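Engineer: The structure's right below; bear with me while I get my questions together.
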Amino acid sequence: MDRRAFLTRSAALGCSLAASPLVTPMSFAAAPGEGRLVVILLRGGMDGLATVMPHGDPGFAALRPAPDFETDLDLGGGYALAGALGGLAPLWQAGQLGVVHAVSTPYRDKRSHFDGQDLLEAGGGDPRRGLPRDGWLNRLVQSLPGATAQTAYAVGHDPLAILGGAAEVQRWAPESDLALSPQAIRLAGRVMQDDPAMAAALQAALRLADGDGDAVAVPGGEAAMMDAMMQDMTAARGGGHHARLAGFAADRLREEARIASFSLNGWDTHANQARGLNRALGVLAETITALRDGLGGPVWRHTAVVAVTEFGRTVRLNGSGGTDHGTGGAMLLAGGAIRGGRVVTDWPGLAEADLYDRRDLRPTRDLRAHLGWLIRGLYGIDRATIERVVFPGLEMGRDPGLLL
Amino acid sequence: MRFDPILAETRFGCGLSPLVAPPADGAALLAGLEAPDVMAARFPIERFATFLSRMRTRRDWQKILRDNRGSAMGEAARKEIRLLNKAARQDNLQWLAAHVLRRVYSPTPFRERLEGFWADHFTATGKAGLIRRATSPYIEEAIRPNLSGRFEDLLIAAVTHPLMVHYLDQQRSAGPGSARAQRRPGVFGLNENLAREILELHTLGVDGPYTQADVRQLAELMSGLTLHFNVGRQFRKDMAEPGAETVLGVSYGGGTPHLRDIEAVLRDLARHPATARHVARKLATHFVSDRPEPSLVAALEQAYRDSGGELRAVYAALLAHPAAWDRARPNVKQPFHFIASACRALVVPPEALLGQSERALRLRLADPLRLMGHVWQKPDGPDGLAEADSAWITPQGMAARLQWAVAMPRILLPDLPDPRDFVTTALGPDVPEAVRFAARAAESRADGIGMVLISPAFQRM
């Protein structure tokens, strides 16, 4: 029998039991509310202008190809959504997909991916003078009443500094798995016992690998262990990395977890951007769809998914049909908790004088303000905590009304 | 804290080996860098110049395909292209095996570690098509011959190499005032990517004293540097921005555009004090500790500046510093080092890797590396692998190491050694009691070997 197929079924059964209101209501009462937040980091710098095209701006036509309404989706108000995100059209129509445009972190001028991402994950600070050592999602967990070690998940191999910090969070890449003899499990703990970092990683690995549907311990000696390992490896080789990230995150969020984060690569489109960007956008659309399908209606209703990137890109195409590192860009919101179907922006304009540094879309609002209002609405955290702890130094300003 | 042969082999080599004696002193370690490169001869990796001929052949077939679509000739061309792609994919895995085997058998393992370090500092890979398989040929041609000379020669070899030019989009970058951009505006223009990464990653470092204007000027100065399938590195005057450019206050070029102008700015960047600091810190972090002693970094920086960037002098300063022999072993082996050092301790026979099928090599090496967090030759970005140990000591990373350590040695080696002996082979005479116990108590040889390999004493360096 195919071990994995069997385990998938039994895991699904387990989940539906756990989701039943009759089972262990106490563990849910202790959790920090019903709100779910998924933060997707788009590494590389998503081109906001190609993702959500402001074709109503009179300056757009001179900078970029016009939207093709055979494939691109008219959002109204002079905006169009790239056709590669077409899979999300039903969400837009249901008011569960929203756009925030012309935003960025406070990062300016050096346009380095790594500094830009560090700041996005740290949630503030100045790269030249040192950033907070922990990530803003971790500080959110620290500020969340009723949070436990199971509240937040960093999903995938990415180190996800956004979740690094004093609050204990779970980290797991869904394609990792373990099959060991029971004796090896005991001995591994023993050889690592004097190395706290390794011992903690091992214990978390054993717990997560045991809880993902198939048990770690494989009785029956070496041959059985090798068979089980080979099946794990074969399963991990299949495509659809992003779908596995989303599926694992959804599984956790249906249970005790309330916060999850993972990253998607492929946004650094310096050359022939139409091709690379469409691929990345397609992956993003599939990821959001997989989250919705995995979470299911009742949980999706409480969910906000937010996709953010370290910076936008130059408004003009460069000499190789791509765009270089810029400043202002777009963020995408999805979920049943979102008041979607709108492009939220204080649009700066695309005329030469309106640009930042005469080359980039000018950010008119700090994207952290939007994130701040989201977590204020989802978790009821007071404004002072958000402005001092989660995003130190942020001025949240008026409520953009991103949530229902 | 002074030289220790076991620590030398662990921290600066590829781990202990039952075949190769550890170096007697720091001088022996350094002398190894001058010794003939017997590993390159025994486990050859294609040079990039040879790899280019694959790309030329593919281009020729592609032309035939374009001109003969739908005909038998076109079908034949399509098949040839498929075979070329497959051969490159398979050869690339053989090169992965060769990289591991060099570490298993090397009498001068410091060279292999330095190659890994600099190949990562100058991370480059192909982005689409055949050239995705060209990373090892690039390392063999641009990095390996330049490990212990002057940094500026390594810098020039790496950042003007066709693979880097391709990876960081320099290939199509034309100065806005160049003949090519003027002739076809909107098709050819400037691309800042390589110029930015040279300043941020390869030389000065992100905290270095440069501005966006320097990035732009360097990009204009570098325009014209491109690649051609027939010759590799190429300089095209019709893509070069006319006139002089100013980078960090120094003016370059101004006459007929030439590759010499690019080499001149790279040599100046290599000799910049910020580059000395950046390289010193990165070496100390990689080889000794994520938080290296300031005196260690200062010593490397001083040696770099005094010698004008002679890497041999910088390595000598590293090996001479007491902090390099700190017995605390705070660093953890990166995944490739972990797997290769395990293979060295086990003396994995060449035929267990070389000549094995694509599927076998994925199962034995490439897939486990990916699960440990290192996607082989497919970097997330030009900053390469994380130096922070916390990036590697993760639940999924530890799960993958544990699984590999228990399962893979048995597949790679027909006769596993007795775990009670293997503890000393892999760790030296100083074996922690818990590891000795686990090696003895394991119920199979595979489990016993696995326990030694996942012990902190083996994983840390």
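Engineer: Do we have any residue at all in the stretch B:413-433 that's open to solvent by 10 Å² or more (accessible area, probe 1.4 Å), within 9 Å of chain A (Cβ to nearest Cβ) and aliphatic (A, V, I, L, M)?
Structural biologist: For the stretch B:413-433, residues open to solvent by 10 Å² or more (accessible area, probe 1.4 Å), within 9 Å of chain A (Cβ to nearest Cβ) and aliphatic (A, V, I, L, M): absent.
Engineer: Looking only at the stretch B:30-40, decide whether some residue is modelled with pLDDT of 95 or more, closer than 20 Å to B:T135 by Cβ, touching a helix residue (DSSP H, G or I) at 6+ places or on another chain (Cβ under 8 Å) and part of a helix (DSSP H, G or I).
Structural biologist: Looking for residues that are modelled with pLDDT of 95 or more, closer than 20 Å to B:T135 by Cβ, touching a helix residue (DSSP H, G or I) at 6+ places or on another chain (Cβ under 8 Å) and part of a helix (DSSP H, G or I), one finds at least one in the stretch B:30-40, hence yes.
Engineer: On to the next question. Can you find even one residue in the stretch B:396-408 that is modelled with pLDDT under 95, closer than 30 Å to A:G44 by Cα and in contact with a His (Cβ under 9 Å, 6 or more places away or on another chain)?
Structural biologist: yes
Engineer: Show the residue pairs that are 6+ apart or on different chains and have beta-carbon atoms under 7 Å apart, the first residue being within the stretch A:47-62 and farther than 19 Å from A:A271 by Cα, the second being exposed (fewer than 15 other Cβ atoms within 10 Å of the Cβ).
Structural biologist: Final answer for the pair search is A:H55/A:A66; A:G56/A:G77; A:G59/A:A351.
Engineer: OK, next. Across the stretch B:184-236, what is the total count of residues that are touching a Pro at 6+ places or on another chain (Cβ under 7 Å) and in contact (Cβ under 8 Å) with a residue 40 or more places away in the chain?
Structural biologist: The number of residues fulfilling the criteria is 7.
Engineer: Out of B:A98, B:A134, I need the residue that is under 17 Å from B:L163 (Cα atoms) and open to solvent by less than 10 Å² (accessible area, probe 1.4 Å). Which one?
Structural biologist: So the residue among B:A98, B:A134 that is under 17 Å from B:L163 (Cα atoms) and open to solvent by less than 10 Å² (accessible area, probe 1.4 Å) is B:A134.
Engineer: Here is a follow-up. Which of the strands (runs of 3 or more DSSP E) found entirely inside the stretch A:1-117 contain at least 2 residues meeting this: modelled with pLDDT under 95 and either within 14 Å of chain B (Cβ to nearest Cβ) or open to solvent by 40 Å² or more (accessible area, probe 1.4 Å) (or both)?
Structural biologist: Hits in the stretch A:1-117: none.
Engineer: Let me spell it out: the conditions are (1) within 29 Å of the chain's Cα centre (by Cα); (2) closer than 16 Å to B:W392 by Cα; (3) at the interface with chain B (Cβ under 7 Å from one of its Cβ atoms); (4) open to solvent by less than 30 Å² (accessible area, probe 1.4 Å), and A:L178 meets all of them except one. Which number is the exception?
Structural biologist: Failing condition for A:L178: (2).
Engineer: Would it be correct to say that B:R150 is away from chain A (no Cβ under 14 Å), over 16 Å from the mean Cα position of the chain (by Cα) and open to solvent by 10 Å² or more (accessible area, probe 1.4 Å)?
Structural biologist: So B:R150 passes the test.
Engineer: Considering only the stretch B:351-366, I want to know if a residue exists there that is within 21 Å of the chain's Cα centre (by Cα), within 14 Å of another protein chain (Cβ to nearest Cβ), in contact (Cβ under 8 Å) with a residue 40 or more places away in the chain and at positive phi.
Structural biologist: No, that holds for no residue.
Engineer: While we're looking at this one, here's another question. Based on what the data block shows, is B:R305 in contact (Cβ under 8 Å) with a residue 40 or more places away in the chain, open to solvent by 40 Å² or more (accessible area, probe 1.4 Å) and part of a helix (DSSP H, G or I)?
Structural biologist: No.
Engineer: How about the stretch B:162-238: which helices (runs of 4 or more DSSP H) wholly inside it have at least 2 residues that are open to solvent by less than 10 Å² (accessible area, probe 1.4 Å)? Even if it seems obvious, please write down each step before you answer.
Structural biologist: Values: elements: B:162-167, B:179-183, B:193-197, B:212-222.
The qualifying helices (runs of 4 or more DSSP H) are B:162-167, B:193-197, B:212-222.
Engineer: For the stretch A:221-231, give me each residue that is over 37 Å from the mean Cα position of the chain (by Cα) and under 13 Å from A:A184 (Cα atoms).
Structural biologist: Selection gives A:G221, A:E222.
Engineer: From the list B:F43, B:F48, B:F12, pick out the single residue that is farther than 15 Å from B:P109 by Cβ, modelled with pLDDT of 95 or more and within 20 Å of the chain's Cα centre (by Cα).
Structural biologist: Going through B:F43, B:F48, B:F12 in turn, the sole match is B:F48.
Engineer: On to the next question. Of the numbered conditions (1) surrounded by fewer than 19 Cβ atoms within 10 Å (Cβ to Cβ); (2) more than 9 Å from every other protein chain (Cβ to nearest Cβ), B:V375 satisfies every one except a single condition; which is it?
Structural biologist: (2)
Engineer: Got a sec? Which of A:G266, A:G296 is within 14 Å of another protein chain (Cβ to nearest Cβ), of a type outside the set (A, V, I, L, M), out of contact with any Gly (no Cβ under 6 Å at 6 or more places or on another chain) and surrounded by fewer than 23 Cβ atoms within 10 Å (Cβ to Cβ)?
Structural biologist: Matching residue, one of A:G266, A:G296: A:G266.
Engineer: When the stretch A:196-216 is examined, which residues are found to be open to solvent by 20 Å² or more (accessible area, probe 1.4 Å) and within 7 Å of chain B (Cβ to nearest Cβ)?
Structural biologist: A:A197
Engineer: Here's something else I'd like to know. State whether the residues of the stretch A:324-337 include one that is open to solvent by 40 Å² or more (accessible area, probe 1.4 Å), under 21 Å from the mean Cα position of the chain (by Cα) and of a type outside the set (D, E).
Structural biologist: No, the stretch A:324-337 contains no residue that is open to solvent by 40 Å² or more (accessible area, probe 1.4 Å), under 21 Å from the mean Cα position of the chain (by Cα) and of a type outside the set (D, E).
Engineer: While we're on this one: Identify the residue in the stretch A:159-173 that is open to solvent by less than 30 Å² (accessible area, probe 1.4 Å) and in contact (Cβ under 8 Å) with a residue 24 or more places away in the chain and, among all such residues, is nearest to the other protein chains (Cβ to nearest Cβ).
Structural biologist: Our first condition is that a residue be open to solvent by less than 30 Å² (accessible area, probe 1.4 Å); within the stretch A:159-173, this holds for A:160, A:162-164, A:167, A:169-170, A:172-173.
Next cut, in contact (Cβ under 8 Å) with a residue 24 or more places away in the chain only: A:160, A:162-164, A:167, A:169-170, A:172.
Values: A:L160: 10, A:I162: 14, A:L163: 12, A:G164: 8, A:A167: 15, A:V169: 11, A:Q170: 8, A:W172: 6 Å.
The selected residue is A:W172.
Engineer: If I filter the stretch A:378-391 down to residues being surrounded by fewer than 20 Cβ atoms within 10 Å (Cβ to Cβ) and touching a residue at least 40 places away in the same chain (Cβ under 8 Å), which single residue comes out as farthest from A:H302 (Cα to Cα)?
Structural biologist: A:V389
Engineer: Among the numbered conditions (1) buried (at least 18 other Cβ atoms within 10 Å of the Cβ); (2) within 12 Å of chain B (Cβ to nearest Cβ); (3) more than 26 Å from B:A399 (Cα to Cα), tell me where A:R133 comes up short.
Structural biologist: (1)
Engineer: Taking interchain pairs and intrachain pairs at least six residues apart, which have beta carbon atoms under 6 angstrom, with the first residue in the stretch B:390-406 and closer than 22 Å to B:T285 by Cβ and the second surrounded by fewer than 24 Cβ atoms within 10 Å (Cβ to Cβ) and of a type in the set (K, R)?
Structural biologist: B:T394/A:R171
Engineer: Considering only the stretch B:243-275, state which residues are assigned to a loop (DSSP other than H, G, I, E, B) and either more than 11 Å from B:M222 (Cα to Cα) or open to solvent by less than 50 Å² (accessible area, probe 1.4 Å) (or both).
Structural biologist: B:G243, B:L248, B:G249, B:G254, B:G255, B:T256, B:P257, B:R271, B:H272
The values are calculated or read from the model by the stated rules, or taken from the named source; none is laboratory data. Keep in mind that this is a model prediction, so the values were computed, not measured. Note: ideal-geometry Cβ built from the backbone for every residue, glycine included; neighbour counts use all protein chains shown. All accessible areas refer to the heavy atoms of the entire protein, side chains included, with ligands and DNA or RNA removed. Shrake-Rupley method; radii C 1.70, N 1.55, O 1.52, S 1.80 Å.
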